[in-house]
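Remarks on the structure that follows.
The values are calculated or read from the model by the stated rules, or taken from the named source; none is laboratory data. None of these values were measured; they are calculated from a predicted model. Please note: Cβ atoms are built from the backbone with ideal geometry, for glycine as well, and neighbour counts cover all protein chains shown. With ligands, DNA and RNA removed, areas are computed over all heavy atoms of the protein, side chains included. Shrake-Rupley method; radii C 1.70, N 1.55, O 1.52, S 1.80 Å.
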Amino acid sequence: MPPVDLSLSSLLLQATAGVQVVLLVLAGCSVLCWGVIAEKVLVLGRFQQQARAFDQWVRSGATAIPASQPLTRRLIDAAGQEGSKTAVGDTLNAQRERLERALRDGVAAECLAVEKRLPLLATLGSASPFIGLFGTVWGIMHAFLGIAQSQNTSLATVAPGIAEALITTAVGLAVAIPASVAYNACASVQGRVSRLLCLSVAELVRQTALPATGGHVDAA
């Protein structure tokens, strides 16, 4: 009996068109997945750094905003715009409530910007195994048809078709696992940073005296 070539390259070359299309789709998903992961590592790293800088700035009681803290500048500008809307007769509590609402809206906007394309990782993590499973079902159907046509159930006849079919499931899992792990990790980091910013906002509101006109919020 001639040896059966079950190498990966041989199986890919001998795969049916349907399996090859599934593998190409999964290859594209893998490239997209790692591209999003690389982007999120950079974006979340900067976001976390800026959030910590904002927290340190709030707790230091400083009034000047360093140029290296754009997140702090954006949030304080939003608070200053809200402070410019102060009406005669507003109580301090009412002003602080509006200030806190403006700052929390700013935090929400920052989190939405960071969250961009993050759901794509969740989609890839959940959909890739099913795409791979579709290729496996297609490959097994083709293998069974080949067995029926050849009327030969020997290992040399069965093994290539089954191995070809299972490749797509393996590739689908190879795409889904890093996508799922990365999504959970990114969501966890973003949640922690969001909570840190909310705590910083609450601290800033407690120690802030609102100006009567526009400008930066001055910490007491």
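Carbon-plus-sulfur accessible fraction, the range 28-126 (probe radius 1.4 Å, protein heavy atoms only): 57%. Taking a point 7 Å from the Cα of GLN81 along the Cα-to-Cβ direction, the residues of the range 106-144 with backbone N closer than 19 Å to it are 106-114. Distance between the C-alpha centres of the range 114-150 and the range 51-67: 49 Å, rounded to the whole angstrom. Rounded to the nearest whole Hz, the Karplus-based 3J(HN,Hα) values (6.51 cos²θ - 1.76 cosθ + 1.60, θ = phi - 60°) of the range 20-37 follow the sequence 5, 5, 4, 5, 5, 4, 5, 5, x, 4, 5, 4, 4, 4, 5, x, 5, 4, with x at glycine and proline. Within the shell defined by Cβ-Cβ distances under 12 Å, the residues around TRP57 carry a net charge of +1, with Lys and Arg each +1 and Asp and Glu each -1. The simple Förster model, with R0 at 22 Å and r as the Cβ-Cβ distance, assigns ALA202 and SER68 a FRET efficiency of 0.40. Applying 1/(1 + (r/R0)^6) with R0 = 45 Å to the Cβ-Cβ distance of ILE147 and SER126 gives a FRET efficiency near 0.85.
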